[in-house]
Amino acid sequence: MPASPAVEPSGTLSLRGLEIAVPDRAAGWRPLLTVPELDLPAGASLGIEGGSGAGKTTLLHILAGIATPRAGRVAWGETDLAALPAPARDAWRRRHVGMVFQDFHLVEGLSSLANVLLPALFGRTRASAAERAAAMALLDRLGVRGDVADVAALSRGERQRVALARALLFRPPVLIADEPTASLDAEAGATVGDLLVGLAAETGATLLVASHDRALLGRLQWQLRIVGNCLVTP
Ligand SMILES: Nc1ncnc2c1ncn2[C@@H]1O[C@H](COP(=O)(O)OP(=O)(O)OP(=O)(O)O)[C@@H](O)[C@H]1O
């Protein structure tokens, strides 16, 4: 189980007048997505669908404060990420967001336990005993041994479960997953999807998922699809 107490809740996600564009050599900027207004209550789950290149990853990065929009408000509770300078966004993200990626983003050569403990090592050289215990308990809960010497030896499904444990280590109030089942076979994808949705519900985290996986999307409370430059109800 995630052991450390949750930090303060994220609050409602509230988007206003959002305009997302990406750099374009010819035009300077290419408009990608416009979201006039969207509110997602804390603890809800939202799936985002869209074709390849529609802007799902870019949107998730903006919701996580990794990138900023061209215009508009990206507020989690009272915090408008779009108005914060990069270091403040990074600090907010470290305190509030756990992230899971399609290709795991694990560090090969490190053990499963060491990978889960990576977020505990910002500015430190050792994780605390409590953090190690929490990481071991999470791995146990997710059905992966902590003493696997190198995550490269794990199956893809097991690697994604290690990545999920890492995302959950500090019990973040926001869990963001970018195509978390896309590189897994159907069975491993179903297991990871079950764990992702189940653990987010258990910890009360707001869950945002970009995916093409209809089975996973169908388990989320809200679904939106990127069509053209708009977010629409499918
Ligand atoms: N930093 C950038 N500079 C220029 N173009 C970018 C940048 N980031 C993203 N893009 C472009 O924006 C579009 C949306 O990319 P994004 O990765 O968000 O799509 P996606 O919906 O996640 O696609 P996929 O399902 O293929 O992963 C793509 O055309 C991509 O090439």
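The values are calculated or read from the model by the stated rules, or taken from the named source; none is laboratory data. Bear in mind the structure is a predicted one, so any value in this text is a computation, not a measurement. Ideal geometry is used to build each Cβ from the backbone, glycine not excepted, and the neighbour counts take in all protein chains shown. In case anyone asks, the SASA skips ligands and DNA or RNA and just uses the protein heavy atoms, side chains included. Shrake-Rupley method; radii C 1.70, N 1.55, O 1.52, S 1.80 Å.
What to note about this one:
- A Gaussian network model of the chain, with springs between Cα atoms under 10 Å, assigns the largest mean-square fluctuation among Pro31, Pro173, Pro69 to Pro31.
- Between the Cα long axis of helix 86-96 and the first principal axis of the chain there is an angle of about 50°, rounded to the nearest 10.
- Angle between the chain longest axis and helix 156-168 axis [Cα atoms, degrees, rounded to 10]: 80
- Relative to one another, the C-alpha centroids of the range 171-234 and the range 95-147 are positioned 21 Å apart.
- Qualifying trypsin sites (Lys or Arg not before Pro) in the range 96-194, where qualification requires a DSSP coil assignment and no more than 10 other C-beta atoms within 10 Å, comprise Arg124, Arg126.
- Scanning residues 5 or more positions from Leu13 or on other chains, those with amide H under 5 Å from its amide H are Leu40, Ala42, Gly77, with H placed 1.01 Å from N in the peptide plane.
- Here the chain has 53 percent of its accessible surface on carbon and sulfur atoms, given a 1.4 Å probe and all protein chains in place.
- Most fluctuating residue given options Leu220, Leu63, Leu175, as computed from a GNM of the chain linking Cα atoms under 10 Å: Leu220
- Rolling a 1.4 Å probe over the heavy atoms of the protein chains gives the chain an accessible area of 46 Å² per residue.
- Note on the range 102-234: antiparallel DSSP beta bridges, both residues inside, total approximately 40 percent of the bridges counted.
- Extreme residue, positive dipole direction of the range 13-232, given options Ala186, Ala83, Gly50 (C-beta unit charges): Ala83
- In the chain, helical runs assigned H by DSSP with n ≥ 4 each contribute -39500 (n - 2.57); averaged across all residues and rounded to the nearest 500, the mean residue ellipticity at 222 nm is -9500 deg cm²/dmol.
- The range 84-169: chymotrypsin sites (Phe, Trp or Tyr not before Pro) falling in loop per DSSP and having at most 10 other Cβ within 10 Å: Phe122
- Its relative contact order, with pairs defined as Cα atoms under 8 Å and 6+ residues apart, puts the range 90-221 at 30 percent.
- Separation in nanometres of the label points that stand 7 Å from Cα toward Cβ, at Ala190 and Arg214: 1.5
- Put a plus charge on the Cβ of each Lys and Arg, a minus charge on the Cβ of each Asp and Glu, and nothing anywhere else: the dipole of the range 30-103 about its Cα centre is then about 240 debye.
- Simple Cβ-charge dipole of the chain, Lys/Arg +1 and Asp/Glu -1, about Cα centre, in debye nearest 20: 400
- Cα convex hull of the chain, projected area averaged across orientations, nm²: 12.7
- Applying 0.36 nm per residue to the separation of Arg16 and Ala129 and subtracting their alpha-carbon distance, the gain on full extension is 36.4 nm.
- Loop trypsin sites (Lys or Arg not before Pro), the range 13-61, which have at most 15 other Cβ atoms in a 10 Å radius of their Cβ (DSSP): Arg25
- Across the chain, the relative contact order, built from alpha-carbon pairs under 8 Å that are at least six residues apart, equals 30 percent.
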